[in-house]
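Q: Just dropping this structure here.
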Amino acid sequence: MFQTFDATTSPDQGPPRLTALREQMQAAGLDGFLVPRADVHQGEYVADADARLAWLTGFTGSAGFAAVLADVAGVFIDGRYRLQVRDQVAEDFTPVHWPEVQLADWLKEQMPEGGNVGFDPWLHTVDEIANLTKTLDGSGITLTTIDNLVDAIWSDRPAPPDAKFTAYPVEFAGESHAEKRKRVASGTHVITLPDSIAWLLNIRGTDVERNPVPHAFAVLHSDGKVDLFARPGKAQGLRDHLGPDVTLHPQSHFLDHLATLPDPVLIDRKVCPQIVATTLGDKAKHGTDPCLLPKAHKNATEIAGARAAHLRDGAAMVRFLAWLDAEAPKNGLTEIDVVRQLETFRRETNQLLDVSFETICGAGGHGAIVHYRVTDETNAPVKSGELLLVDSGGQYIDGTTDITRTVIVGTPTADHRTCYTAVLQGMIAISRTRFPKGVAGNHLDALARAALWAQGMDYDHGTGHGVGAYLSVHEGPHGLSRRAVTPFEEGVIVSNEPGYYREGAFGIRIENLIVVTKAPPGPDDRDLLAFDTLTYVPLDRRLIDTAVLSPAERAWIDQYHATTLDQIGPLVDGDALDWLKAATAPL
């Protein structure tokens, strides 16, 4: 299997490691040290060798950081991880609700007399350090760059990943890397994000589990030529693919090469490591990563690939849900059984290259842990009368999928149906909306929450995130959330996943992937956009309270199910087809 069920951290490991880190701080004359989740490339996902936050604290979430002081160690986590962090860290660590509590404010409270806080300049962005420095001004707290103190005590640190990069065929990319380089070139840009480099050069890697990205740095010049910096051997075999306009360098030469670049050099301060700006000095000028928007705006080939991947994945999901409906009521399944069987159905497509993230399979109260990962220690039975939340996805050569379905085992309660229907109404609201060009995700996010808000409920995560084309399952800069300010354009793929979570009882999330398309104009010929659904897998009709649905919502569900039967029906047979026909019957 791609997914394993070993517990990768344990709370009891944290305290002695925290003690060792504080000894390093004292020796270096520091009163504090920052330990982020990020690696040197500033991508969301990190290799085992870069999982410093998890190694130190035990917290394995995909976002957060620690601020270690002499007498307190804060672990800053957002709304997705409020429950998870309690189980993963020892009492020596103090969870801090972030971004409600900002690091600068916390430091001022904890260090009223001031002090010296160290940080590794590879692991913090330019904007992060600039904003922190500004907000600490006058507090007596200073920031000092230093070699990473966690690395100094991590004696059994894993080796960096060493697998070679591979070429991504133009038949799936839809555009050669030579065309991409010339299209986006404008000045001299430093590019540090792995998925940007993957997209730009039509290459993929296995440096991060579940996300096929290469660990490298790049400099894109105004003439479209690229200097690519990677560890020795990583790009071996790509010489013909990259061609004469891409020059390979050892990654260890990256900083020295930056010092030779002519003024100006554009860096994206939101994602570029501080050490890059320090090395460039006055030559560094602010510019956006030139790959972000072109990568997010999928071309026709990438969208066609996404549709094909979702139909293939949808058929596997239908087979899985039919199996689950038959087996779960027997009360013999556990969460791990469910995860294994789902991966088996995806593997039987003979096209699965990896899962796109560790499957979230939460039975009962585990469903309320937004990013729950089942282990041998936490594995729970799937019980009748409980909700089961399954959030999963696959990596295929033509596309990346991400889908969540919440189902009932046995008979739902009225409370289950009320909450599920409110979540479903939010998902439908996003799916049905039309909006003018120029609108961003922060304008639309409330549509997904309105039905929940009306009943005094909400959820503490964004409604949706961008998704790559056989790339990262979380992709910027677009999204559906209060913080998503980049206007939508045709071809952008995002998730649509409202939810509701009740601690200790259940979690509900329903997720489809959708793609932005051009909509028919309104009466004043205003340019309008809409969302087209990519994911076709039945909803659990047993959990839908039809009495509270509007006629338009009922019509949307019936049409969605009719299309699901039409699209997925030819791809399944036997018991799965029989189940699909029943699951997609009109309300």
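Q: For region 319-380, divide the Cα radius of gyration by the Kirkwood radius and give the resulting Rg/Rh value with two decimals. Provide the component values of the computation, followed by the final result.
A: Values: Rg = 12.2 Å, Rh = 12.5 Å.
We get a ratio of 0.97 for region 319-380.
Q: Show that you can apply the helix-only estimate: for the chain, add -39,500 (n - 2.57) for every DSSP H stretch of four or more residues, divide by all residues, and state [θ] at 222 nm to the nearest 500. Don't skip to the answer; put the middle values down first.
A: Details: 19 runs with 193 residues, N = 587.
Calculated at 222 nm, the ellipticity per residue is -9500 deg cm²/dmol.
Q: Note the listed values [x] 24.2, 72; [y] 24.9, 80; [z] 27.5, 91, then indicate which one is Rg and Dmax of the Cα atoms in Å calculated from this particular structure.
A: Comparing each candidate, only [x] matches the computed number.
Q: Ranked from highest to lowest mean number of other Cβ atoms within 10 Å per residue, what is the order of the peptides 342-350, 389-397, 271-279? Don't jump to the answer; show the numbers that get you there.
A: On the way: 342-350: 17.1, 389-397: 24.8, 271-279: 21.7.
Packing order, densest peptide first, comes out as 389-397, 271-279, 342-350.
Q: Stretch ALA28-THR278 to full length: gain in nm at 0.36 nm per residue minus the Cα-Cα span? Before the final figure, lay out the partial values.
A: Numbers: separation 250, 0.36 × 250 = 90.00 nm, distance 2.14 nm.
Answer, rounded to one decimal: 87.9 nm.
Q: Next question, about the same structure. Any chance you could run the full-extension gain for ASN331 through MET457? It's 0.36 nm times the residue separation minus the Cα-Cα distance, nm to one decimal.
A: Details: separation 126, 0.36 × 126 = 45.36 nm, distance 3.10 nm.
This chain segment gains 42.3 nm when fully extended.
Q: Could you give the distance between the Cα centres of region 9-62 and region 326-348, to the whole Å?
A: 35 Å
Q: Set the Förster distance to 60 Å, then compute FRET efficiency between ASP527 and LYS581 from the Cβ-Cβ distance, nearest 0.05.
A: Working: r = 40 Å, r/R0 = 0.67.
Once the sixth-power term is evaluated, E becomes 0.90.
Q: Could you give the nm distance between label points at ASN299 and ALA555, where each point is 7 Å from its Cα heading toward the beta carbon?
A: Between ASN299 and ALA555, the simple spin-label model gives 3.8 nm.
Q: Another question, if that's okay. Sorted by packing (mean other beta-carbon atoms within 10 Å per residue), highest first, where do 520-532, 5-17 land?
A: Working: 520-532: 12.4, 5-17: 14.8.
Final packing ranking: 5-17, 520-532.
Q: Separate question: With a sphere of radius 12 Å drawn around the Cβ of ASP376, what net charge do the other residues whose Cβ falls strictly inside it have (Lys, Arg +1; Asp, Glu -1)? Don't jump to the answer; show the numbers that get you there.
A: Working: positive: ARG373; negative: ASP6, GLU335, GLU377.
Here the charged neighbours net out to -2.
Q: Would you work out the charge dipole size for the chain about its Cα centre, treating the Cβ of every Lys and Arg as +1 and the Cβ of every Asp and Glu as -1, and quote it to the nearest 20 debye?
A: Numbers: 52 positive and 78 negative charges, 226 e Å.
Its charge dipole is roughly 1080 debye.
Q: Mind checking the per residue accessible area of region 328-469 for me, 1.4 Å probe, whole number of Å²?
A: Values: 4680 Å² over 142 residues.
Solvent-accessible surface per residue comes out at 33 Å².
Q: Around ASP162, under 10 Å between beta carbons, what's the net of Lys plus Arg minus Asp minus Glu among the other residues? Walk me through the numbers on the way to the answer.
A: Working: positive: LYS164, ARG231, LYS234; negative: ASP207.
The answer is +2.
Q: What does the highest-first list of 187-197, 316-326 look like by mean Cβ count within 10 Å? Please list the in-between numbers first.
A: Working: 187-197: 24.1, 316-326: 21.9.
Peptide ranking by packing, descending: 187-197, 316-326.
Q: Taking 7 Å along the Cα-to-C-beta vector as the label spot, tell me the ASP162-VAL485 distance in nanometres, rounded to one decimal.
A: Label at ASP162, label at VAL485, 4.5 nm between them.
Q: For LEU255 and ASN379, FRET efficiency with R0 = 35 Å and r from the beta-carbon atoms, rounded to 0.05? Walk me through the numbers before you get to the answer.
A: Working: r = 46 Å, r/R0 = 1.31.
With R0 = 35 Å, the Cβ-Cβ based efficiency is 0.15.
Q: Would you work out what percent of the accessible area of the chain, with all protein chains in place, is carbon or sulfur (probe 1.4 Å)?
A: Details: 11570 of 22970 Å².
Carbon and sulfur together cover 50 percent of it.
The values are calculated or read from the model by the stated rules, or taken from the named source; none is laboratory data. Keep in mind the model is a prediction, meaning the values are calculated, not measured. Cβ atoms come from the backbone with ideal geometry, glycine included; neighbour counts cover every protein chain shown. Ligands, DNA and RNA are stripped out before the accessible areas are found, and what is left, the full protein with its side chains, is counted by its heavy atoms. Shrake-Rupley method; radii C 1.70, N 1.55, O 1.52, S 1.80 Å.
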